[in-house]
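Every read-out reported here was derived from the displayed coordinates using simple, explicitly stated rules and does not represent laboratory data. Quantities reported herein were computed from a predicted structural model and do not represent experimental measurements. Reconstructed Cβ throughout: ideal geometry from the backbone, glycine too, with neighbour counts over all protein chains shown.
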Amino acid sequence: MRIVRYSHQGEVGFGVHEDETVAAIGPHPFGAFEYTGQRLPAGEIRLLAPVLPSKVVAVGRNYAEHARELGNEVPPTPVLFLKPSTAVVGTGDPIIRPEGVGRVDYEGELAVVIGKLVRRLQPHDAIQAVLGFTCANDVTARELQRTDGQWTRAKGFDTFCPLGPWIETDLDSSDLAISTLVNGETRQQARTSQLEHGVADLLAFVSRVMTLLPGDVLLTGTPAGVGPLAAGDRVEVEVEGIGVLANEVVAEPAGAPGTSAT
């Protein structure tokens, strides 16, 4: 089942994508839901980020070759960091390259979407907490990552966590092909069987640290081949059995005005 979050004529909803149409569901996919009877042509909706998570938990250096390409050893236990919910965008949304941050990299990943509130999972039953899987791009300001000594700023800019195009619920994540293309050229190519820590072990590890809520997202790590993005680039992350997450890179306007609370 492919669960989408969409916008149609100003209304936002969840639906099931099937045969070029979207069957609307309610109230949400995190638990029992019902079909509303509304069926929309897929061409008439805009796909949004499939979830708005309370948090995005990400794992660093979880492919050995990626750890080595950045001059790091493979850690004995997962290295965790957080990306804010404000970094999340959907397929087709722009990745905004901030002014003055130096190199900005793509990092294609398999993402896990949590389906229910869980704490202290055991690896053997961790998969029961999963609603499904989607594609992710852990966009990173590489120079800030190196100079800051920790990763919050480098990973946390608005638009630095594209997710999509939808959530695939019927999928064995143990050995899927994953690739990243920039302007049609393949830059990353691996299989999820190469993960140092698999999905079940990651969920058990993370849930011993923090409660996971419905809609939270776990990024499982990126393979070797990360590289820079420039304004005008089109970056695509494809995961076997899911689909393609595609985003254009745009430059932040110089001196772009901010907003303030009133």
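Between the beta carbons of Arg103 and Glu73, assuming R0 = 22 Å, the FRET efficiency works out to 0.45 to the nearest 0.05.
Remark: relative contact order (the chain) = 25 percent; criterion is Cα-Cα distance under 8 angstrom and separation of 6 or more residues.
Taking R0 as 35 Å, what FRET efficiency do you get between Ala64 and Arg39 from their Cβ-Cβ distance, rounded to the nearest 0.05? That pair, Ala64 with Arg39, gives E of 0.15. Counting every other Cβ atom within 10 Å of each residue's Cβ, His17, His197 order from fewest to most as His197, His17.
Any chance you could list the semi-axes, whole Å, largest first, of the equivalent ellipsoid that the Cα gyration tensor gives for the chain, using √(5λ)?
Semi-axes (√(5λ), whole Å): 27, 24, 18.
Of the trypsin sites (Lys or Arg not before Pro) found in the range 137-235, those that fall in a DSSP loop while having at most 16 other beta-carbon atoms within 10 Å are Arg208. Along the charge dipole of the chain, pointing to its positive end and built from +1/-1 on Cβ of Lys, Arg, Asp and Glu, which listed residue (Met210, Val226, Leu171) has its Cα farthest out? So the residue furthest toward the plus end is Met210.
Arranged from fewest to most other beta-carbon atoms within 10 Å of their beta carbon, Tyr63, Tyr35, Tyr6 become Tyr35, Tyr6, Tyr63. Taking 30 Å as R0, compute the FRET efficiency from the Cβ-Cβ separation of Arg120 and Arg234 and round it to 0.05. It comes out at approximately 0.10. Each of Glu252 and Thr21 was given a label point 7 Å from its Cα along the Cα-to-Cβ line. The distance between the two points is 4.4 nm. Backbone amide hydrogens, once placed in the peptide plane, bring Ile95 within less than 5 Å of Glu248, Val249, Val250, excluding anything fewer than 5 places away on its chain.
In a reduced charge model with +1 at each Lys and Arg Cβ and -1 at each Asp and Glu Cβ, the range 2-47 shows a dipole moment near 160 debye about its Cα centre.
List the lysines whose alpha-carbon lies under 17 Å from that of Lys155, not counting same-chain residues fewer than 8 positions away? In chain and number order, the partners are Lys55, Lys83. Restricting the calculation to alpha carbons of the range 169-255 gives Rg and Dmax of 15.6, 46 angstrom.
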